[in-house]
Structures are given as structure tokens and as C-alpha cells.
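Colleague: If you scroll down you'll find the structure; I have some questions about it.
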Amino acid sequence: MANWSDPRTTPTGFGGAATGARDVAYDAGLRSYMLSVYNYMASGVLLTGLVAMLFANSPYAVPILTSPLRWLIMLSPLAIVFAMSFGINKFSTGALQGMFWAFTVLMGLSMSSIFLVFTGVSIAQTFFATAAAFAGLSLWGYTTKKDLSGFGTFLVMGVVGLLVAMLINIFLKSSMLALAISAIGVLLFAGLTAYDTQKIKSMYAYVAGTDMMGKTVIMGALSLYLDFINMFTFLLNFMGNRE
């Protein structure tokens, strides 16, 4: 993104030493900020995976996932995402943290069905493939000088179109369309990983030293978490081996 608001670009006259010190402090703060985002995101993914695996191996998984309760489990995470997104100014940082952890636990319950459908080997292979792709894409989004903001609208529109196609395929039950949806989904969320990383990085200039920084860390972690989970899910549907 354009860096007109980046404090490092502010003219400083003859204060070269002061500017250098400020640059060092800014870079150190940015690294700490991004590390916090990644720590929350990675912890959320691991918690989701642990909950999914434990619940899938419990005697309650099949009865609950085949009952009307499955809709509550599936829709609750979506409700939390909307609440966090629209209530970021209303909720405290602590409240957003609690909602984030609750969201990852509910996602674990929701995703436990993959352990009943796909082999453990294919789940593990897909997870590590997704982790490698995510790391590379996020690193590129963080380091690239190219402004990715123009891709945001295109990617969001692509996700909306993907959701429509998924709803249509519920009735069509086309295996070819399902395969195409999975392939396109992987590409869309790969692009969103790079885009969101750059967006989260650019936000630091606006929130550094303010009360909003803690909230931005949580929301940034949520965005990257969703990118990772969706990329993993679509990739699993594309290349996973079923039981």
C-alpha cells in the first residue's frame, strides 16, 4: 500500500540520527507486532486441530454431527466472526481474545468431521503442504514492494462467487464442479494470504502506540487463520484420500 501515512516518511530536517533511531524503533515494533499476529494465528490453528482430533475420536462425534446440533456447531463460528468484525470498537481487547479462542474451539468441533471422512495420512500431508504454501505466500506479502490493495476487491468477489457455486452444487451434486470449486478456492485463499499479510503490516503505521494495536493483532490473526483454514480445507477436498 502507499506509505504516505508511514511515520518513517515524515520529513525530519537535519535530524538524521533521530530519523535513524526512529527507523530502528519502528522496524522493531513492526516485527514484534507481526510476530504477535502469527503467534495468535498459529496457536489458533493448533488448538482447532487438537479439538477436531480429540472430538472425532470421542464417542460423541458421530451422534452430534449427524443430529440437528451440527448446524449450531457450524454456524456459531460465523456468528462470532461477524460479532468481532462489527464490534471491534465496542469490545475490549480481552473480550476479542476470548472470542477468538472460542471461535477456534468451535471451528475444531466443526472440522472434526474431516477425521471421519479422510485418512489421517492425507490430512497430515495436506496440512504440511498448506503450512509451506502459507509461509511462502505470507512472506511474499510481507516483503513485496508491489501494492496488492487492488487485488482485494477481486479476491473478495471471487470468494462470494465461490460461495454461490458451493450452494448451487448442494443441489447439483456435481463431482466435476466440486473439483473446480476446490481448485479455485485454493487459488483465491492463496491470494488472500498475501493480500491480508500486506494489509496487516500496513495497519501497524496507524495503530502503533494506540489502544487499537492489541485489537488489530487479534483481527489480523483471525484473517490469516481463516485464509489458512480455508486453503487447507479446499486443498484437502482436492487432493485428500477418503476413508
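The values are calculated or read from the model by the stated rules, or taken from the named source; none is laboratory data. Note that the structure is a prediction, hence the values are computed from the model and not measured. Don't worry about glycine lacking a Cβ; one is built from the backbone with ideal geometry, like all the others, and counts go over all protein chains shown.
Colleague: Return the total of residues in the stretch 186-243 being within 13 Å of ALA133 (Cβ to Cβ) and either in contact with a Cys (Cβ under 8 Å, 6 or more places away or on another chain) or of a type in the set (Asp, Glu) (or both).
Modeller: Count: 1.
Colleague: Do we have THR210 as of a type in the set (S, T, N, Q), surrounded by fewer than 16 Cβ atoms within 10 Å (Cβ to Cβ), within 25 Å of MET34 (Cα to Cα) and more than 12 Å from the chain's Cα centre (by Cα) here?
Modeller: yes
Colleague: Can you name the residue in the stretch 121-143 that is in contact with a helix residue (DSSP H, G or I) (Cβ under 6 Å, 6 or more places away or on another chain) and farther than 15 Å from ILE200 by Cβ and, of all such residues, is surrounded by the fewest Cβ atoms within 10 Å (Cβ to Cβ)?
Modeller: Among those residues, the one meeting the criterion is THR126.
Colleague: With GLY240, GLY220 as the choices, which residue is small (Gly, Ala, Ser), out of contact with any strand residue (DSSP E or B) (no Cβ under 8 Å at 6 or more places or on another chain) and in contact (Cβ under 8 Å) with a residue 40 or more places away in the chain?
Modeller: Selected residue: GLY220, the only one of GLY240, GLY220 that is small (Gly, Ala, Ser), out of contact with any strand residue (DSSP E or B) (no Cβ under 8 Å at 6 or more places or on another chain) and in contact (Cβ under 8 Å) with a residue 40 or more places away in the chain.
Colleague: Here's another thing I want to ask about it. Given the condition surrounded by 14 or more Cβ atoms within 10 Å (Cβ to Cβ), at negative phi, assigned to a helix (DSSP H, G or I) and without any contact (Cβ under 8 Å) to a residue 24 or more places away in the chain, answer yes or no: does some residue in the stretch 144-165 qualify? I'd like the intermediate steps shown before the answer.
Modeller: First, the residues of the stretch 144-165 that are surrounded by 14 or more Cβ atoms within 10 Å (Cβ to Cβ): 148, 151-152, 155, 158-159, 162, 165.
Going one step further and asking which of them are at negative phi, we end up with 148, 151-152, 155, 158-159, 162, 165.
Then keep just the ones that are assigned to a helix (DSSP H, G or I); that gives 151-152, 155, 158-159, 162, 165.
Narrowing the set further to residues that are without any contact (Cβ under 8 Å) to a residue 24 or more places away in the chain leaves 165.
Yes, the stretch 144-165 has at least one match.
Colleague: Just to check your reading of the model, which residue among MET74, MET1, MET53 is modelled with pLDDT under 95 and within 18 Å of ILE229 (Cα to Cα)?
Modeller: After ruling out the rest, the residue left standing is MET74.
Colleague: Given the structure, is LYS199 closer than 17 Å to TRP140 by Cα and of a type in the set (D, E, K, R)?
Modeller: The answer is yes for LYS199.
Colleague: Take the residues of the stretch 166-202 that are within 16 Å of the chain's Cα centre (by Cα) and among the aliphatic types (A, V, I, L, M): which is surrounded by the most Cβ atoms within 10 Å (Cβ to Cβ)?
Modeller: Filtering the stretch 166-202 for residues that are within 16 Å of the chain's Cα centre (by Cα) and among the aliphatic types (A, V, I, L, M), the one surrounded by the most Cβ atoms within 10 Å (Cβ to Cβ) comes out as LEU192.
Colleague: Could you go through the stretch 7-26 and let me know if any residue there is assigned to a helix (DSSP H, G or I), closer than 21 Å to ALA194 by Cα and either at pLDDT 75 or above or not aliphatic (A, V, I, L, M) (or both). Outline the logic, then answer.
Modeller: We begin by selecting, within the stretch 7-26, every residue assigned to a helix (DSSP H, G or I); these are 7-9, 16-26.
Still in the list and also closer than 21 Å to ALA194 by Cα: none.
Within the stretch 7-26, none of the residues are assigned to a helix (DSSP H, G or I), closer than 21 Å to ALA194 by Cα and either at pLDDT 75 or above or not aliphatic (A, V, I, L, M) (or both).
Colleague: Of the conditions (1) surrounded by 14 or more Cβ atoms within 10 Å (Cβ to Cβ); (2) hydrophobic (A, V, I, L, M, F, W, C); (3) touching a residue at least 12 places away in the same chain (Cβ under 8 Å); (4) under 25 Å from ASP227 (Cβ atoms), ALA61 satisfies every one except a single condition; which number is it?
Modeller: Just one mismatch for ALA61, condition (4).
Colleague: Restricting to the stretch 99-131, and then to whatever is of a type in the set (Gly, Ala, Ser) and in a helix (DSSP H, G or I), can you tell me which residue is nearest to the chain's Cα centre (by Cα)?
Modeller: My answer is ALA131.
Colleague: Identify the residue in the stretch 78-90 that is in contact (Cβ under 8 Å) with a residue 60 or more places away in the chain and within 21 Å of THR210 (Cβ to Cβ) and, among all such residues, is surrounded by the most Cβ atoms within 10 Å (Cβ to Cβ).
Modeller: So, considering only residues that are in contact (Cβ under 8 Å) with a residue 60 or more places away in the chain and within 21 Å of THR210 (Cβ to Cβ), the one surrounded by the most Cβ atoms within 10 Å (Cβ to Cβ) is MET84.
Colleague: Condition (residue is charged (D, E, K, R) and either at positive phi or out of contact with any helix residue (DSSP H, G or I) (no Cβ under 8 Å at 6 or more places or on another chain) (or both)) applied to the stretch 16-33: is it met by at least one residue?
Modeller: yes
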